[in-house]
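Engineer: Quick one: structure below, then a few questions.
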Amino acid sequence: MGRASDPDIAAAYDARAAEYVALAGSIEQMDARDAAVIATWRDGSRGSLLDAGCGPGQWTEFLSLGGREARGIDLSAEFIETARRRHPDIPFEVGSFRDLPFDSASFGGILAWYSLIHTPPTDLPEIFMEFVRVLAPGGSILIGFFDGEPCERFAHAVAPSYFWSADALAEMLAAAGFEVVASETRGRERGEISTRPHGSLVARATAGTLVHTQPEEDRA
């Protein structure tokens, strides 16, 4: 089981997009506890929201409720095509977390709900630095992950994935200029899409994180 690259992950999800959408493509198929966590974070965030790893767009649409400005990005072109068709009033685009096509300080919050599970652990610091770049000062991220032994790889149905813990992620996030302000873990119940333990955390960009930003002209 090798190290998955962005193109590998995109191709794997493109190949199984229809299957994924049928299994987990709507809010009604999601666990109500997950929706409650995301709603609480959404309602406590200010400004525009980015759904990083939006899949077919069900959580992006959820973020947009109440007139919020939300948009989604995903590696899978098949997912983005589905998201645009289902939610024509929400902007979606194909892209990588490693080089987000947005200006610095564009968002008040980033949702990364099980969208970092395939990222090799050595690559996460780069992505967290990119997240903090596009966040406005004081913005926050909500990360959903499989709770377990940090960095332990397992055979996910689509692509190689990794377990994490809130403590291990907190240490890595701190180096990028984030502070974890909330976390939760729980086991699964019968009927949920996954059987692996769930975890999530909220981290806020701390004062002074703008030192990590890069001038837009240098990113061309």
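Engineer: Of the residues Gly139, Gly177, only one is under 16 Å from the mean Cα position of the chain (by Cα), of a type in the set (Gly, Ala, Ser) and closer than 25 Å to Gly108 by Cα; which?
Structural biologist: Gly139 is the lone residue from the list that is under 16 Å from the mean Cα position of the chain (by Cα), of a type in the set (Gly, Ala, Ser) and closer than 25 Å to Gly108 by Cα.
Engineer: Filter the range 93-113 for residues that are out of contact with any Phe, Trp or Tyr (no Cβ under 7 Å at 6 or more places or on another chain) and within 18 Å of Ile9 (Cα to Cα) and give the result.
Structural biologist: Glu93, Val94, Gly95, Ser96, Phe97, Arg98, Asp99, Leu100, Ala112
Engineer: Another question about this same structure. Looking at the range 132-154, which of its residues are part of a loop (DSSP other than H, G, I, E, B) and among the small types (Gly, Ala, Ser)?
Structural biologist: Gly148
Engineer: Go through (1) without any contact (Cβ under 8 Å) to a residue 12 or more places away in the chain; (2) within 20 Å of Ser26 (Cβ to Cβ) for Thr40 and report which single condition fails.
Structural biologist: Here Thr40 meets the rest and fails (2).
Engineer: From the residues in the range 178-196 that are part of a loop (DSSP other than H, G, I, E, B) and touching a Phe, Trp or Tyr at 6+ places or on another chain (Cβ under 8 Å), which one is farthest from Asp14 (Cα to Cα)?
Structural biologist: Arg196
Table: residues versus (1) out of contact with any Lys or Arg (no Cβ under 8 Å at 6 or more places or on another chain); (2) closer than 27 Å to Ser5 by Cα; (3) without any contact (Cβ under 8 Å) to a residue 60 or more places away in the chain; (4) buried (at least 20 other Cβ atoms within 10 Å of the Cβ).
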| residue | (1), (2), (3), (4) |
| --- | --- |
| Glu28 | yes, no, yes, no |
| Ser45 | yes, no, no, yes |
| Asp51 | no, yes, no, yes |
| Gly57 | no, yes, yes, yes |
| Ser64 | yes, no, yes, yes |
| Leu75 | yes, yes, no, yes |
| Asp89 | yes, no, yes, no |
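Engineer: Looking only at the range 171-196, how many residues end up being at pLDDT 90 or above, in contact with an Asp or Glu (Cβ under 8 Å, 6 or more places away or on another chain) and either of a type outside the set (S, T, N, Q) or within 18 Å of Ile127 (Cβ to Cβ) (or both)?
Structural biologist: 1
Engineer: I'd like to verify a number: residues in the range 2-57 that are touching a Pro at 6+ places or on another chain (Cβ under 6 Å) and aliphatic (A, V, I, L, M), how many?
Structural biologist: 2
Engineer: Right, something else. Sort out which residues of the range 41-75 are over 16 Å from the mean Cα position of the chain (by Cα) and either on the phi > 0 side of the Ramachandran plot or not aliphatic (A, V, I, L, M) (or both), and write them in order of number.
Structural biologist: Asp43, Gly44, Arg46, Gly47, Gly66, Gly67, Arg68, Glu69
Engineer: Which of the residues belonging to the range 160-177 are surrounded by fewer than 20 Cβ atoms within 10 Å (Cβ to Cβ) and either among the acidic types (Asp, Glu) or farther than 11 Å from Gly199 by Cβ (or both)?
Structural biologist: Result: Pro160, Asp167, Ala170, Glu171, Met172, Ala174, Ala175.
Engineer: Considering only the range 114-141, how many residues are within 11 Å of Gly177 (Cβ to Cβ) and without any contact (Cβ under 8 Å) to a residue 40 or more places away in the chain?
Structural biologist: Summing the residues that are within 11 Å of Gly177 (Cβ to Cβ) and without any contact (Cβ under 8 Å) to a residue 40 or more places away in the chain in the range 114-141 gives 0.
Engineer: Return the total of residues in the range 155-170 being assigned to a helix (DSSP H, G or I) and either in contact with a Pro (Cβ under 6 Å, 6 or more places away or on another chain) or modelled with pLDDT under 95 (or both).
Structural biologist: 1
Engineer: Ok, one more. Could you count how many residues in the range 91-113 are touching a residue at least 60 places away in the same chain (Cβ under 8 Å) and crowded, with 16+ Cβ neighbours inside 10 Å?
Structural biologist: So the count comes out to 10.
Engineer: A further question on this structure: Counting only residues that are touching an Asp or Glu at 6+ places or on another chain (Cβ under 6 Å), modelled with pLDDT of 95 or more and more than 23 Å from Gly199 (Cα to Cα), give me the helices (runs of 4 or more DSSP H) lying completely in the range 20-131 with at least 1 of them.
Structural biologist: Passing ranges, in order: 77-86.
The values are calculated or read from the model by the stated rules, or taken from the named source; none is laboratory data. No experiment lies behind these values; they were computed from the predicted model shown. As a convention, Cβ positions derive from the backbone with ideal geometry for all residues, glycine included, and neighbour counts pool all protein chains shown.
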